[in-house]
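Engineer: My questions will all concern the structure given below.
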Amino acid sequence: SDEHAEPGYYRVKLETGVLAELTVTERCGLHRYRFGKGPGHILIDFAHAIEDDWDKGIVVEKASLDLGDDGTLTGSRQVNRWAKGRHIHFAMQMSRKPDRVQFFGDDGKLAPDGATSIKGNKLKVAFFFDEAGGDPILIKTGLSAVDVQGARDALAGEAKGWDFDGALKSARGTWAKALGGIRVSGGTEAQRIIMTSALYHAQLAPTLFTDRDGRYVGLDREVHRAEKGEEAFSTYSLWDTYRALHPLLTLIDPARAALLTRDLCRQTAQSPAGPPVWPLQGVETACMIGWHAVSVLAEAHAKGIKADYAAAWPNIRRRAFDRDFKDIDSTLGRGFYYDLGYIPCDEVWESVSRTQEYAYDDWAMAHLADAVGAKDDAAALRKRAQ
């Protein structure tokens, strides 16, 4: 087959005949390209995003690319799509020096010959090789949501040298350990494949969000530093995951569940919007309804996972009782719910679902109120949840 995928590795033969391979470390991506004999080029497209058509306006608010004397390409950009305003920074190196480099600015305008940096919102850069065949061209890229230095640190700490196969072996080992949380016997081969695939999908997110030095961007858009042994995470799709994924992790990987619980307590305390809903790369998207971080935290506490629930409680309480606490898309109709016990369908969209989700979150918050000694709040929340 011209295409192969497995945890930690992807390979495809492109229509041009180039064989492309990808693997990863925690904060770096590694590429290996095998060209046929003759000229070739690699284009870095910094102008597009996965969700290009999700909203109107420009995709990238602002961006910059810079080519250093040592051949390292660095870049930063602010995305103007889902989770608007989020930043990403990278540092990239190639195993072979290109014969020519060309930057492209907004509307495809060519930068002057010899340019080593460019700014705009539709940026690209191409690396040209007069003879691309022979030794494969390897690329390694470090990522950070904090700054370019964080991306450089990722490269220096996780992608030393040009050992693609060594990185692949390590990635496979990481995934083998992650998939070893459940051991299955019996059934058909197809059923075992389905089970293992589901376990793999269950561990794609939340995603690591701390730099190697512990820095991360909080939901307050400030840079914080996690203590040693702690991590911050992104891609908490909580409306989708509070029912099954997080309960599963408490059973098959309690250490990871505890790490996520402590992180959710910190993020709840830091967020201007209160308990996380659907945070992505330091931005609260407010996607879906409810504020289901409280469900994850309540279950974790009920199962004996230690975390600073008291630090999270003030912002949880604000979302539970404070009518002046600004609503976001996921919390619309709270006033009706507080006064009537339900949300009228002619006043707020998704009224039935919102009523159900808010009531469930009330029940979860009641458990957390008991946990921090707020007995009167717990009683009020249990009554409202009925």
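Engineer: So, in region 99-123, exactly how many residues are surrounded by 18 or more Cβ atoms within 10 Å (Cβ to Cβ) and within 20 Å of Arg32 (Cα to Cα)?
Structural biologist: Result for region 99-123: 1.
Engineer: Starting from residues that are free of Cβ contacts under 8 Å to residues at least 40 places away in the same chain and not hydroxyl-bearing (Ser, Thr, Tyr), keep the ones in region 204-223 and report whichever is surrounded by the fewest Cβ atoms within 10 Å (Cβ to Cβ).
Structural biologist: Among residues in region 204-223 that are free of Cβ contacts under 8 Å to residues at least 40 places away in the same chain and not hydroxyl-bearing (Ser, Thr, Tyr), the one surrounded by the fewest Cβ atoms within 10 Å (Cβ to Cβ) is Leu204.
Engineer: When both residues are 6+ apart or on different chains and their Cβ atoms are under 8 Å apart, which pairs have a first residue that lies in region 176-200 and is at positive phi and not assigned by TED's automatic domain parsing to the domain that holds Ile252, and a second that is in a helix (DSSP H, G or I) and at pLDDT below 95?
Structural biologist: Gly187/Met195
Engineer: Please verify whether Arg96 is out of contact with any Lys or Arg (no Cβ under 7 Å at 6 or more places or on another chain), assigned to a strand (DSSP E or B) and in contact (Cβ under 8 Å) with a residue 24 or more places away in the chain, treating the condition exactly as stated.
Structural biologist: Answer is no for this residue.
Okay, residues lined up against (1) assigned to a helix (DSSP H, G or I); (2) more than 18 Å from Thr261 (Cβ to Cβ):
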position	(1), (2)
Ala310	yes, no
Pro314	yes, no
Phe325	no, yes
Phe336	yes, yes
Glu347	no, yes
Tyr360	yes, yes
Leu368	yes, no
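Engineer: Still on this structure, I have one more. Please name all residue pairs, on different chains or six or more residues apart, with Cβ atoms under 8 Å, provided the first residue is in region 333-355 and is more than 22 Å from Ala380 (Cα to Cα) and without any contact (Cβ under 8 Å) to a residue 60 or more places away in the chain and the second residue is β-branched (Val, Ile, Thr) and outside any loop (DSSP other than H, G, I, E, B).
Structural biologist: Hits for this filter: Cys345/Val352.
Engineer: Name the residues in region 18-37 that are surrounded by 11 or more Cβ atoms within 10 Å (Cβ to Cβ) and in a loop (DSSP other than H, G, I, E, B), would you?
Structural biologist: Those that are surrounded by 11 or more Cβ atoms within 10 Å (Cβ to Cβ) and in a loop (DSSP other than H, G, I, E, B): Val18, Thr25, Glu26, Arg27, Phe35, Gly36.
Engineer: Which residue out of Arg318, Arg266, Arg323, Arg256 is of a type in the set (D, E, K, R) and buried (at least 19 other Cβ atoms within 10 Å of the Cβ)?
Structural biologist: Exactly one residue qualifies, and that residue is Arg266.
The values are calculated or read from the model by the stated rules, or taken from the named source; none is laboratory data. Treat the numbers as computed from the prediction; the structure is a model and nothing was measured. When we count neighbours, we look across all protein chains shown, and the Cβ atoms used for this are built from the backbone with ideal geometry, even at glycine.
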